[in-house]
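What follows is a short report on a single structure.
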């Protein structure tokens, strides 16, 4: 299968808060996915939440939003406690897997759970960090 690369942003494949080189490509049955551009050794920090760059919305603010805005948050953000979060880089294209190659390290970092090879999709288990996972788990491929 030929991988389609999407070169987005000022420098194409290099993204701000992702700490590794990645690209977007077709993910089997899932649309776009996030892929490793280079070898990533196990335990490498691959992503970090940065206040002021990434988005954090308190539940009280969420309640003041329009239905359209809430629908966007419900679809693209994850919830931990009283906050909804979204990354502002291409890590938002990480697809779900019950056998992830990246895992959370606390609330603000993600690491490689094992060695990740060039052109391998970087996936994560949403259940491990999204308090609303049970609301949509049956819709995942």
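The values are calculated or read from the model by the stated rules, or taken from the named source; none is laboratory data. Predicted, not measured: the structure shown is a model, and the values here were computed from it. Please note: Cβ atoms are built from the backbone with ideal geometry, for glycine as well, and neighbour counts cover all protein chains shown.
Below are the figures for this structure:
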quantity	calculated
Residues located in the stretch 40-73, provided they are without any contact (Cβ under 8 Å) to a residue 12 or more places away in the chain and closer than 22 Å to residue 96 by Cα	70, 71, 72
Test for residue 29: is it at pLDDT 90 or above, part of a loop (DSSP other than H, G, I, E, B), out of contact with any helix residue (DSSP H, G or I) (no Cβ under 9 Å at 6 or more places or on another chain) and farther than 16 Å from residue 119 by Cβ	no
Count of the stretch 37-64 residues which are assigned to a loop (DSSP other than H, G, I, E, B) and modelled with pLDDT of 90 or more	8
